[in-house]
Amino acid sequence: MLLLLNGAPGVGKSALADRYARDHALALVVDVDEIRRHLGGWETHHASKVVARDLALALVADHLGRGRDVVVPQFVGRREFADRLRSAADDAAVRFVEVVLVDDDDAVIERFRLRRAALRAAGVRHPEADLVDDDIAPAIRAASAGLRRDAAAHGLPEIEMGSGVERSYAALLACIH
């Protein structure tokens, strides 16, 4: 199975992906931002975004081809990447499941700020550093609103993250089964 956990930055995609992987032996979490961070010059080359997505898709296809689950925790604001993931699942003849993770915007904004501060304190450069402080709240609110519209338009299930990872994980399993 290929599982796309779509949600605004800071909503809890990575936490839920890691929780899924703990219960599913050899399931692979493919984090596009982490792949991007490992590309030389990623901070100054806009093409690093495209290269990271292409590498992620190659990794997804390979792991699915080996009969293993893949989880992609990624904010997908444009359908193209989700469509490419769906095609990878079709090519591997496995199920594709996309869910949209949601939470109160203020809670998401706070988590985003805390994570960004922790990364900065640890000296870790991350793509979310591209967003200036004054743009965080409007960007997350816009992402959240767009994802909710997209979920409604495409009939995608929404999972509420505000109740904690374990309850969200139970809701995720209910969507999958």
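The values are calculated or read from the model by the stated rules, or taken from the named source; none is laboratory data. Computed from a prediction, not measured in an experiment: that's the story for all the values here. With ideal geometry, Cβ positions are generated from the backbone for all residues, glycine too; neighbour counts draw on all protein chains shown.
Close Cβ contacts (under 8 Å, 6 or more residues apart or on different chains) running from residues in region 145-172 that are free of Cβ contacts under 8 Å to residues at least 60 places away in the same chain to residues that are among the aliphatic types (A, V, I, L, M) and assigned to a helix (DSSP H, G or I) comprise P157/A151; E158/A151; E160/A171; G162/A107. For beta carbons closer than 7 Å, sequence separation of 6+ or different chains, a first residue in region 39-56 that is at negative phi and a second that is polar (S, T, N, Q), the qualifying pairs are L39/S48; W42/S48.
The listed residues are L3, L16, L64, and the only one of them that is assigned to a strand (DSSP E or B), surrounded by 21 or more Cβ atoms within 10 Å (Cβ to Cβ) and aliphatic (A, V, I, L, M) turns out to be L3. Filtering G77, G123 for residues that are at pLDDT below 95 and under 20 Å from V30 (Cβ atoms) leaves a single hit, G77. When only residues in region 40-58 that are of a type in the set (A, V, I, L, M, F, W, C) and crowded, with 16+ Cβ neighbours inside 10 Å count, which is farthest from the chain's Cα centre (by Cα)? Restricting to residues being of a type in the set (A, V, I, L, M, F, W, C) and crowded, with 16+ Cβ neighbours inside 10 Å, the top hit is W42. The set of residues from region 73-83 being touching a helix residue (DSSP H, G or I) at 6+ places or on another chain (Cβ under 8 Å), surrounded by 16 or more Cβ atoms within 10 Å (Cβ to Cβ) and in a helix (DSSP H, G or I) comprises just one member, F81. Return the residues of region 86-142 that are under 20 Å from E43 (Cβ atoms) and aliphatic (A, V, I, L, M); say none if nothing qualifies. Within region 86-142, A117, A118, L119, A121, A122, V124, A129, L131, V132, I136, A139 qualify. Note on region 135-144: residues that are closer than 13 Å to F112 by Cα and without any contact (Cβ under 8 Å) to a residue 60 or more places away in the chain amount to 5.
Taken over region 136-163, the residue count meeting the criterion of being more than 30 Å from F96 (Cα to Cα), surrounded by 17 or more Cβ atoms within 10 Å (Cβ to Cβ) and out of contact with any Phe, Trp or Tyr (no Cβ under 8 Å at 6 or more places or on another chain) is 0. Only residues that are assigned to a helix (DSSP H, G or I) and either under 19 Å from A171 (Cα atoms) or in contact with a Pro (Cβ under 7 Å, 6 or more places away or on another chain) (or both) were counted in region 19-36, giving 7. Please enumerate the residues belonging to region 88-113 that are of a type outside the set (D, E), under 18 Å from the mean Cα position of the chain (by Cα) and exposed (fewer than 14 other Cβ atoms within 10 Å of the Cβ). Hit for region 88-113 is R95, nothing else. Residue check: D133 meets all listed conditions (1) over 30 Å from S48 (Cα atoms); (2) exposed (fewer than 14 other Cβ atoms within 10 Å of the Cβ) but one, namely (1). Here is the figure for region 124-174: residues that are touching a strand residue (DSSP E or B) at 6+ places or on another chain (Cβ under 7 Å) and among the aromatic types (F, W, Y) total 0. Apart from one condition, D33 fits all of (1) within 29 Å of A153 (Cα to Cα); (2) charged (D, E, K, R); (3) surrounded by 14 or more Cβ atoms within 10 Å (Cβ to Cβ); (4) free of Cβ contacts under 8 Å to residues at least 12 places away in the same chain; the exception is (4).
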